[in-house]
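*Asks:* Below is a structure I'd like to ask you about.
The values are calculated or read from the model by the stated rules, or taken from the named source; none is laboratory data. In this text, all values refer to a predicted model and were calculated from it rather than measured experimentally. Virtual Cβ from ideal backbone geometry, glycine too; neighbours counted across all protein chains shown.
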Amino acid sequence: MPNVWFPYKNENGERRCKLYCFNHAGGSSLIFKDWINLDESIEVIPVEIPGRRKRMSEKCRTDFQELINETAEQVLADAGADKVFVYGHSMGAVMAFSLAEILEKKYCKRVEGLFVAGRQAPADEDTSPYRTTMGMDSLRDELIRLGDTPKELLDDKTFMDFYLPVIYSDYKLSENYLYDGNNVSCPVYAMCGDTDISADIETMKRWQDYTNNTFSLMKFRGGHFFAYNESTEEVRKYIADHIKDSI
């Protein structure tokens with residue numbers, strides 16, 4: 001039976017390097033559909049958290065630590081002895097960081113590399129103007145600020161009635177993250193878009209303080225969603241090259 005946590009899982013795959021991917025707030029595993037064939041040596045495994053797509057019937061989660069603990073158990077069972085890499089964008093960046101930390105500290109599972117994009121470092125303050133205490137009405141303004149939701153969808157009441165509660169829950173999930181003071185032991189590769197005002201190169205540079213290993217920083221063309229829009233090919237090549245260089 002397919003695992004709902006990994007909807008794009010290739011059950012017959014022989015690739016011994018696995019890249020687990022976490023999406024941004026309000027997103028889903030679908031954002032990584034075009035990443036599946038990243039490289040013949042790498043199995044890309046988008047993580048589907050409850051409350052979206054085939055997990056739509058499940059309640060969206062807001063307890064960050066509980067969700068990451070469950071995700072870690074799923075990843076550990078899936079990865080086995082294979083090499084593990086993790087990628088996360090925006091909200092997904094801190095989920096990826098927390099997953100790597102749990103795998104290393106709790107399960108003694110080596111993580112080969114952590115790729116993060118579009119979010120401030122774990123202990124840094126979120127500088128975005130929106131907080132869930134402002135309610136869902138103000139959330140539309142936040143989506144406009146980030147700039148990736150088409151205006152026709154923002155003006156579609158049926159779509160927004162469905163979408164806003166999901167992204168609201170994700171913002172609540174992100175707000176409930178608490179940094180525990182630990183670093184990861186794996187290399188960290190930080191990325192930013194050159195016009196992303198929410199996570200510019202100076203913001204992403206601060207991720208270097210959260211690894212006991214090597215740190216790399218790369219700037220790409222684009223805004224907050226550069227990895228899926230303006231620079232998607234360059235980002236995928238950057239990730240694939242670093243994975244192949246480390247194995």
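*Asks:* Would you pick out the residues in segment 178-207 that are farther than 27 Å from ARG145 by Cβ and outside any strand (DSSP E or B)?
*Replies:* ASP180, GLY181, ASN182, ASN183, SER185, CYS186, PRO187
Yes or no, residue by residue, for (1) touching a Lys or Arg at 6+ places or on another chain (Cβ under 6 Å); (2) in contact (Cβ under 8 Å) with a residue 40 or more places away in the chain; (3) not acidic (Asp, Glu):
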{"site": "THR133", "(1), (2), (3)": "no, no, yes"}
{"site": "ASP148", "(1), (2), (3)": "no, yes, no"}
{"site": "ASP155", "(1), (2), (3)": "no, no, no"}
{"site": "ASP161", "(1), (2), (3)": "no, no, no"}
{"site": "PHE225", "(1), (2), (3)": "no, yes, yes"}
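*Asks:* Tally up the residues in segment 62-94 that are under 19 Å from VAL188 (Cα atoms) and either among the basic types (Lys, Arg) or free of Cβ contacts under 8 Å to residues at least 24 places away in the same chain (or both), please.
*Replies:* 1
*Asks:* A further question follows. So, SER174, is that one assigned to a helix (DSSP H, G or I) and either at pLDDT below 85 or not aromatic (Phe, Trp, Tyr) (or both) or not?
*Replies:* Yes.
*Asks:* Tell me, which residue of segment 102-159 that is hydroxyl-bearing (Ser, Thr, Tyr) and not in a loop (DSSP other than H, G, I, E, B) is surrounded by the most Cβ atoms within 10 Å (Cβ to Cβ)?
*Replies:* THR132
*Asks:* Specify the residue that is nearest to the chain's Cα centre (by Cα); the eligible residues are those in segment 217-247 that are part of a loop (DSSP other than H, G, I, E, B) and aliphatic (A, V, I, L, M).
*Replies:* By that ranking, first place goes to ALA227.
*Asks:* Cβ contacts < 7 Å: first residue closer than 13 Å to ILE239 by Cβ, restricted to segment 34-61; second residue among the small types (Gly, Ala, Ser) and buried (at least 16 other Cβ atoms within 10 Å of the Cβ), any location; separation 6+ or different chain. Result?
*Replies:* Here the result reads LEU38/ALA240; ASP39/ALA240; ILE42/ALA240, each pair linking segment 34-61 to a residue that is among the small types (Gly, Ala, Ser) and buried (at least 16 other Cβ atoms within 10 Å of the Cβ).
*Asks:* Another one. Select, from PHE162, PHE225, the only residue that is at pLDDT below 95 and surrounded by 21 or more Cβ atoms within 10 Å (Cβ to Cβ).
*Replies:* Just one listed residue meets the conditions, PHE225.
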